[in-house]
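Peer 1: Have a look at this one.
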Amino acid sequence: MDTLTGLLSAEQVAFYEREGYLLLPDLLNEDDLAAVKAEMNAKVEQIAQDLLANGLVTDTRSDSPFQYRLAELFDGLTDAHFLKFGRSWRDRLPGYFDLMANPKILDAVESLIGPELFANPVYNTRPKVPGVAAGAVPWHQDRSYWPDANANPVITVWVALVDADEVNGCLHVIPGTHKTQLFTHHKESLTGTGYTEVNEEFIKTRRAVMLPVPAGGALLFNDRCVHMSTPNRSDHVRWSVDLRYQPTDQDPMPTHGVGFLARSRIFPERVARMEDWLAGQPERRDDKMTGRDNP
Ligand SMILES: O=C(O)CCC(=O)C(=O)O
């Protein structure tokens, strides 16, 4: 880009371009995370009621803090009990839009790929519960999940909801791998969920870095940056959300879900509102703009 816009300094942009990732340790505050946390708490309540109804728990732990409740609920249960609710969640709910459209996130991404931003349909909430094998994600490039999509670059914004560290299973990345092509991956068989895993020969001589992220911090990385996360060996849940963004002239990847126009200087009137996205529309299209009659 000739002109730098957005939140990041020239040094941060240069670091991202060189290494393929960037840590923003204090990007978001409690207010920024409140709406998305409310969605997560509501889902945890549903899960608690389901476990209770099925006789798997006798106490729904309704007074336990966000960080502990799901860990307490699944303590003593099996991976299969947890996986019934999905290894990660992609619910189309207002709290997720609130986070995905957060101007601080968009400002950071704008610095890297410009101001025409599409929120990619692939986003995941990851409640990494201690002892659940699917919490640990093997080395992979995100692009291995969409090898045929003409979307490049896709930037992941990985947001920590609690402090993510070595013990509860933070991310590790291999710097510089974003400059490679897509490596060959296979489906792993350890977790029962079939994550893609890069063939070892491509990474075994490369140096990895561990990246603890404080709550509210974000890790940005390119979809060819090889990364993984370790098991959760703590007593609490490592909560995170990974969001993705790309320039608007790329494949919107509709087979993966509903993305939306998150920011545009060229077509500001088309930027999606929450109600558009909740209705499954990637951009704003109302009667005034389309000229349709409003019966
Ligand atoms: O959150 C994790 O543990 C893994 C995240 C990941 O692999 C991703 O966001 O692509």
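The values are calculated or read from the model by the stated rules, or taken from the named source; none is laboratory data. As the structure is a computational prediction, the values presented were derived from the model and not from experiment. Cβ placement follows ideal geometry from the backbone for every residue including glycine, while neighbour counts extend to all protein chains displayed. To get the accessible areas, we keep the full protein, side chains included, count just its heavy atoms, and leave off ligands, DNA and RNA. Shrake-Rupley method; radii C 1.70, N 1.55, O 1.52, S 1.80 Å.
Peer 1: Can you confirm whether Met210 is outside any loop (DSSP other than H, G, I, E, B), within 15 Å of the ligand (Cβ to nearest atom), at pLDDT 95 or above and over 25 Å from Ile113 (Cβ atoms)? Steps first, please.
Peer 2: Numbers: outside any loop (DSSP other than H, G, I, E, B): yes; within 15 Å of the ligand (Cβ to nearest atom): yes; at pLDDT 95 or above: yes; over 25 Å from Ile113 (Cβ atoms): yes.
Yes; evaluated as a whole, the condition is true for this residue.
Peer 1: Here are some conditions: (1) in contact with a Lys or Arg (Cβ under 7 Å, 6 or more places away or on another chain); (2) within 16 Å of the ligand (Cβ to nearest atom). Pro115 meets all but one. Which one does it not meet?
Peer 2: (2)
Peer 1: A further question on this structure: Mind listing just one residue for me: the one in region 171-197 that is buried (at least 22 other Cβ atoms within 10 Å of the Cβ) and hydrophobic (A, V, I, L, M, F, W, C) and, of those, farthest from the ligand (Cβ to nearest atom)?
Peer 2: Ile174
Peer 1: List the number of the failed condition for Phe97; all other conditions in (1) in contact with a Leu (Cβ under 9 Å, 6 or more places away or on another chain); (2) surrounded by fewer than 19 Cβ atoms within 10 Å (Cβ to Cβ) hold.
Peer 2: (2)
Peer 1: For Lys104, indicate whether it is surrounded by fewer than 21 Cβ atoms within 10 Å (Cβ to Cβ) and in contact with a helix residue (DSSP H, G or I) (Cβ under 9 Å, 6 or more places away or on another chain). Quick ask: steps written out before the conclusion?
Peer 2: Values: surrounded by fewer than 21 Cβ atoms within 10 Å (Cβ to Cβ): yes; in contact with a helix residue (DSSP H, G or I) (Cβ under 9 Å, 6 or more places away or on another chain): yes.
Answer is yes for this residue.
Peer 1: Please pick out the residue among Leu27, Leu73, Leu22, Leu52 that is open to solvent by less than 40 Å² (accessible area, probe 1.4 Å) and assigned to a helix (DSSP H, G or I).
Peer 2: On the way: Leu27 fails: assigned to a helix (DSSP H, G or I); Leu22 fails: assigned to a helix (DSSP H, G or I); Leu52 fails: open to solvent by less than 40 Å² (accessible area, probe 1.4 Å).
On inspection, the qualifying residue turns out to be Leu73.
Peer 1: Can you tell me how many residues within region 107-131 are of a type in the set (Asp, Glu) and surrounded by fewer than 22 Cβ atoms within 10 Å (Cβ to Cβ)? Lay out the reasoning, then the answer.
Peer 2: To start, the set of residues in region 107-131 that are of a type in the set (Asp, Glu) comprises 107, 110, 116.
So of that shortlist, the ones also surrounded by fewer than 22 Cβ atoms within 10 Å (Cβ to Cβ) come out as 107, 116.
The total comes to 2.
Peer 1: Can you find a residue that is more than 14 Å from Phe221 (Cβ to Cβ), crowded, with 17+ Cβ neighbours inside 10 Å and more than 10 Å from the ligand (Cβ to nearest atom) anywhere in region 151-160?
Peer 2: yes
Peer 1: Would you mind stating whether Thr78 is within 15 Å of the ligand (Cβ to nearest atom) and either open to solvent by less than 40 Å² (accessible area, probe 1.4 Å) or among the polar types (S, T, N, Q) (or both)? Quick ask: steps written out before the conclusion?
Peer 2: Details: within 15 Å of the ligand (Cβ to nearest atom): no; either open to solvent by less than 40 Å² (accessible area, probe 1.4 Å) or among the polar types (S, T, N, Q) (or both): yes.
Taking the combined requirement at face value, the residue does not satisfy it.
Peer 1: Could you run through region 203-223 and say how many residues are of a type outside the set (Val, Ile, Thr) and open to solvent by less than 40 Å² (accessible area, probe 1.4 Å)?
Peer 2: Counting residues in region 203-223 that are of a type outside the set (Val, Ile, Thr) and open to solvent by less than 40 Å² (accessible area, probe 1.4 Å) gives 9.
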